[in-house]
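Q: Here you go, one structure.
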Amino acid sequence: MTTVQAPRSGAAKSGVETFDSLDPATDEVVGTYPVHTAEDVEAAVARAREAARWWDSLGFEGRAERLRRWKGIVARRLSELCDVVSKETGKPTGDAQLEAVLAIEHIAWAAKHARKVLGRQRRSPGLLLSNQAATVEYQPLGVVGVIGPWNYPVFTPLGSISYALAAGNAVVFKPSEYTPGVGKWLVDAFAEAVPEQPVLQLVTGYGATGAALTKSGVDKIAFTGSTATGKKIMAAAAETLTPVVIEAGGKDPVLVDADADLDAAAEATVWGAFSNSGQTCVGVERVYVHERVYDEFVAKVVERAGTVRAGTGEGAHYGPMTMPAQLDVVRRHIADALARGGRALVGGADAVGDRYVEPTVLVDVPEDSLAVREETFGPTVTIAKVRDMDEAVAKANDSCYGLGSTVFAKRRGMELARRLRTGQTAINAPLSFAGIASLPFGGVGDSGFGRIHGPEGLREFARAKAIARQRFTAPLALTTFARTKKTEEMVTKLIRRLHGRS
Ligand code: NDP
């Protein structure tokens, strides 16, 4: 049996502590990176403060032009980036390409729309203050710290970084210890496009480096990872009243109504559950199917799942588990499901190997078992039969998580989608919301809060600045000690006329 190792620490000749990034398929060392200390992080944030002033001074157009340059470099050297992603995560290059392509779309959208969303807008001052001109604009926060995960090491951090940059902030990025090479590649590509100032910097290391970034005095932390770490980050950030965006995990459900296209639903379930070894925060983890189509749907899922293969190279649909510790979680969830009366129609107890997990389809799993309640983050899925779609909605919503969800239905798709307590829902296609740059993305409950992507994602990294400019002296002078009785009587009359009739 091969033992899968966690990233290893070492000390370079210079005395700087380092760690190795490993290929999860082979344990081959693919890169060595410094473990940045709290002092290193503080120095990076200090440099970022300078850079932020310069970046802000470029204005929307100056930044957009440079972001377009960056996206051009990423697009032209896509295959190089995909190789790095594939080496560090073990995912097939086709999957690496998918996440990179979507990330490029997000850079483009953020660059193009920042002025419209964040630029100065006029607001109505209202009748009482009609002598004022009211405007609001969204100014950059300053320096944003981004703490990224390993499962989508391009798409996920760039969902924060692109929007934070387009909003005029400098960014200090701490990638996961499993994917520092991807982080470095992205930051180096940005430095090629923007050589003048360190607007986007990289710090590498373990959780302690991320913790140092949280406490470094940045103006916001954007975190993607587990709920448990999200809570720690929020607690640490509370000490300095640093705002946070938390994109934590999910337990995403799929609802299949009686009139659904079952082939499409089965295809989406299989891909959503198993692609990227199930290590997708908005991946499919549970399915609730109308009893009228349950048997047919399950048969279609089983047939398709039987053709999906874990491995490397030609013909493999997904790779090894990126984080070795996750193997135990998946093993535990499958064992618990089987011990409590669940049945594995594909895969099962033996599906979890030393590095790879074979596709596993579980049915008859009690709703209070680990495989239904906790984030598995592996290539497994539970399928349950429901009497009707009200039961499906109730069961789907009975979760501490609320990230993504999918509905397959012809007649009631929109209605069911609106009733699901998740940040985003796809109807009749898997995960579509994540690729639509104009749509916000984020969680409910233990899945976190705050929004990346879309206009909401731009505003997440900006502060609203309200300005009221007096255009002429008010006929009714209210904010002065010289206010007269007559003025007060006139205001009383006016307000009764305006609001007292309803
Ligand atoms: P973590 O939440 O521990 O790590 C995510 C990021 O946070 C990494 O960059 C990590 O650094 C960093 N980090 C860890 N501890 C701290 C801290 N105290 N302060 C600041 N930053 C910190 O997730 P894991 O990678 O350990 O994965 C565990 C589980 O999280 C998975 O099994 C999965 O369920 C869930 N997960 C969810 C993701 C999502 O997309 N929502 C993504 C990844 C994981 P480092 O890697 O160097 O420790």
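The values are calculated or read from the model by the stated rules, or taken from the named source; none is laboratory data. Just so we're clear, the structure is a prediction, and the values are computed from it rather than from any experiment. Note that we place each Cβ from the backbone using ideal geometry, even for glycine, and neighbour counts take in every protein chain shown. Remember, those area values only see protein heavy atoms, side chains included, never the ligands or the DNA or RNA. Shrake-Rupley method; radii C 1.70, N 1.55, O 1.52, S 1.80 Å.
Q: So what is the accessible area of the range 252-437 per residue, in Å², with the probe set to 1.4 Å?
A: 38
Q: Using all alpha carbons of the range 1-159, what is the percent of pairwise distances in each 10 Å bin, ordered from the shortest bin to the longest?
A: 9, 24, 29, 22, 9, 4, 2, 0
Q: Straight-line reach from Lys232: which aspartates and glutamates fall under 20 Å, measuring Cα to Cα and dropping same-chain residues less than 8 apart?
A: The qualifying aspartates and glutamates are Glu42, Glu177, Asp219, Glu247, Glu374, Glu375, Asp446.
Q: Okay, moving on. Considering the Cα positions of the chain, please state its Rg to one decimal place and its Dmax as a whole number of Å.
A: Cα radius of gyration and Dmax of the chain are 25.6, 91 Å respectively.
Q: For a Förster distance of 51 Å, can you work out the FRET efficiency between the beta-carbons of Ala299 and Lys232, rounded to the nearest 0.05?
A: Rounded to the nearest 0.05, the efficiency is 0.70.
Q: With unit charges on the beta carbons (Lys and Arg positive, Asp and Glu negative) and the dipole taken about the Cα centre of the chain, which residue among Thr422, Gly442, Val117 sits farthest to the positive side?
A: Checked the options; the winner is Val117.
Q: Using a 1.4 Å probe on the protein chains only, how many percent of the accessible area of the chain belongs to carbon and sulfur?
A: Numbers: 11480 of 21790 Å².
Carbon-and-sulfur percentage of accessible area, whole number: 53.
Q: Same structure again: Could you compute the FRET efficiency for Glu314 and Lys116, with r as their C-beta to C-beta distance and R0 at 30 Å, rounded to 0.05? Don't skip to the answer; put the middle values down first.
A: On the way: r = 45 Å, r/R0 = 1.51.
After rounding to 0.05, the efficiency reads 0.10.
Q: If you don't mind, another one. Please report the antiparallel percentage of the DSSP beta bridges confined to the chain, to the nearest 5.
A: Roughly 40 percent of the beta bridges in the chain run antiparallel, per DSSP.
Q: Something else now. Of all DSSP beta bridges located in the range 82-182, what percent are antiparallel, nearest 5?
A: Expressed as a percentage, antiparallel bridges in the range 82-182 total about 40.
Q: Sequence gap at least 6, Cα distance under 8 Å: using those rules, report the relative contact order of the chain to the nearest whole percent.
A: Value for the chain: 17 percent.
Q: How tilted is helix 294-305 with respect to the longest principal axis of the chain? Cα atoms for both, answer in degrees (0 to 90, nearest 10).
A: With rounding to tens, the tilt is 80 degrees.
Q: Could you tell me how many degrees, from 0 to 90 and to the nearest 10, lie between the Cα long axis of helix 59-76 and the main elongation axis, the longest principal axis, of the Cα atoms of the chain?
A: Here the helix axis deviates by roughly 10 degrees.
Q: Checking a compactness column here: for the range 400-500, what do you get for Rg(Cα) / (2.2 N^0.38 Å), N being the number of residues?
A: The value comes to 1.90.
Q: What is the gain in length, in nm to one decimal, between Arg49 and Asp83 on full extension, counting 0.36 nm per residue of separation less the C-alpha to C-alpha distance?
A: Values: separation 34, 0.36 × 34 = 12.24 nm, distance 3.28 nm.
Between Arg49 and Asp83, full extension yields an extra 9.0 nm.
Q: Compute the Rg to Rh ratio over the range 138-254 from the alpha carbon atoms, using the Kirkwood formula for Rh, and round to two decimal places.
A: Details: Rg = 13.6 Å, Rh = 14.3 Å.
Ratio of gyration radius to Kirkwood radius for the range 138-254: 0.96.
Q: Something else: Which FRET efficiency, nearest 0.05, do Lys485 and Ser57 yield, Cβ-Cβ r, R0 51 Å?
A: 0.50
Q: Further question on the same structure: For helix 155-166, what angle does its Cα long axis make with the longest principal axis of the chain, in degrees from 0 to 90 and rounded to 10?
A: 20
Q: For the range 252-437, what is one quarter of the convex hull surface built on the Cα atoms, given in nm²?
A: With every direction weighted equally, the projected area is 9.9 nm².
Q: In straight Cα distance, which lysines are under 16 Å from Lys251, not counting same-chain residues fewer than 8 positions off?
A: Straight-line reach from Lys251, under 16 Å: Lys395.
Q: About its Cα centre, how strong a charge dipole does the range 252-437 have in debye, to the nearest 20, once Lys and Arg get +1 and Asp and Glu get -1 at the Cβ? Could the numbers behind the result be given before it?
A: On the way: 20 positive and 27 negative charges, 48 e Å.
Dipole about the Cα centre, nearest 20: 240 debye.
Q: Leaving ligands and nucleic acids out of the surface, order Tyr33, Tyr318, Tyr356 by accessible area at 1.4 Å, largest first. Mind dumping the intermediate values first?
A: Values: Tyr33 30, Tyr318 0, Tyr356 55 Å².
Solvent-accessible surface, decreasing: Tyr356, Tyr33, Tyr318.
Q: Sorted by packing (mean other beta-carbon atoms within 10 Å per residue), highest first, where do 39-46, 164-171 land?
A: In decreasing order of mean packing, 39-46, 164-171 become 164-171, 39-46.
Q: Could you work out how much longer the chain between Ala325 and Arg418 gets when fully extended? Use 0.36 nm per residue separation minus the Cα distance between them, nm to one decimal. Walk me through the numbers on the way to the answer.
A: Details: separation 93, 0.36 × 93 = 33.48 nm, distance 3.58 nm.
In short, 29.9 nm is gained.
Q: Nearest 20 debye, what's the magnitude of the dipole of the chain about its Cα centre given +1 on Lys and Arg Cβ and -1 on Asp and Glu Cβ?
A: Values: 60 positive and 58 negative charges, 696 e Å.
For the chain, the charge dipole is close to 3340 debye.
Q: Just want the answer: with Cβ charges of +1 for Lys and Arg and -1 for Asp and Glu, which residue in Ala299, Pro253, Gly142 is farthest toward the dipole's positive end in the chain?
A: Gly142
Q: Quote to one decimal, in nm, the extra length available between Leu498 and Glu196 on full extension: 0.36 nm per residue of separation minus the C-alpha distance between them.
A: 103.1 nm
Q: So, one more: Going down the list Lys465/Lys486; Lys116/Lys220; Lys184/Lys215; Lys112/Lys410; Lys91/Lys231, which pairs span over 25 Å between their C-alpha atoms?
A: Among Lys465/Lys486; Lys116/Lys220; Lys184/Lys215; Lys112/Lys410; Lys91/Lys231, the Cα-Cα distance tops 25 Å for Lys465/Lys486; Lys112/Lys410; Lys91/Lys231.
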